[in-house]
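These notes are about the structure you will find just below.
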Amino acid sequence: MGIINICVKRAFIFVCVLIGIISTLLLAITLFGHGYFHQSEEIEILPGIAVLYVLEAATLVLSILGVYGAHKEKKWAVVLFSVGMSLASLYLFGACVKVYQAKHEMEELTREEHLGRMPLSGANQTDLEGLYNIQTKFKCCGLVQGYQDWGTDIPLSCLCSDEDSTNFKCVARGNNTRFVIHYPNSDMSEDDDHKGLMDEHMLVYKEPCLPNLLSLVGYGISLMIGTLVALQALWDIGVALAITILCQMRRKVNVPPVIFTSQPPQYRELCDTAESV
């Protein structure tokens, strides 16, 4: 029978398997995301992606070593797991701190990037399409001052329908404005009759889009930090169980020695001596 407590052993193997599954999923997501962005030529191979590859592959290998060490009761494998996962946990803790410190900076970069597109009437076609999608998704208009950011030509993505007016804040647009249908990759002139739509009773979304974008960035960073903290907690549990197993491996069971002898018991000799006296 092994010297490792069966409950601790099963718990450790379960944690190792869970770490291995998560590492495999993260590695697959990293490979897919890297391939997608590389194919679209949006990013190049960055040092951060290389670090992700190394970290995810290392934790996957360490989880396999942990299962092997616990099942076969190999001390060296459990030691490698505990040391490796401790280092990985320290690195992950540093990453959490950096992401938290960069939260405000990321929000400011997002703000500056979108404010750099002002005035919106002079933005390029790619930025315009992105803004249209944002306005449609978040039910907002403009970036800072609402529909006024578009000047006199307001895109239809700002249009507030009757159904939206009951759930979202909508306002009447200015008298000197018009709704404009923008056709991507089209050479239509400003005077085209199909481009301007004049209806004084149409409403537009009141809320600007920039606060929604900043909230989305903050939520994404908070979600990332929460995921990293949960992952680190799982790794720390694995390290704690590994240390417990190592302590049990070092524990020696004291068994009293058993001595076998072929000589007759001493009391017989005492009895023989008493009879002779």
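Bear in mind these aren't lab numbers, they're just calculated from the coordinates by the rules spelled out. All values derive from a computational prediction rather than experimental measurement. Cβ atoms come from the backbone with ideal geometry, glycine included; neighbour counts cover every protein chain shown.
A few remarks follow.
- Label-reachable residues, the range 64-85, where backbone N falls under 20 Å from a point 7 Å from residue 91's Cα toward its Cβ: 64-67, 77-85
- Other residues within the sphere of radius under 13 Å centred on the Cβ of residue 143, judged by their own Cβ, net out at -3 (K and R +1, D and E -1).
- On the beta carbon distance between residue 106 and residue 75, with R0 = 51 Å, the FRET formula returns roughly 0.70.
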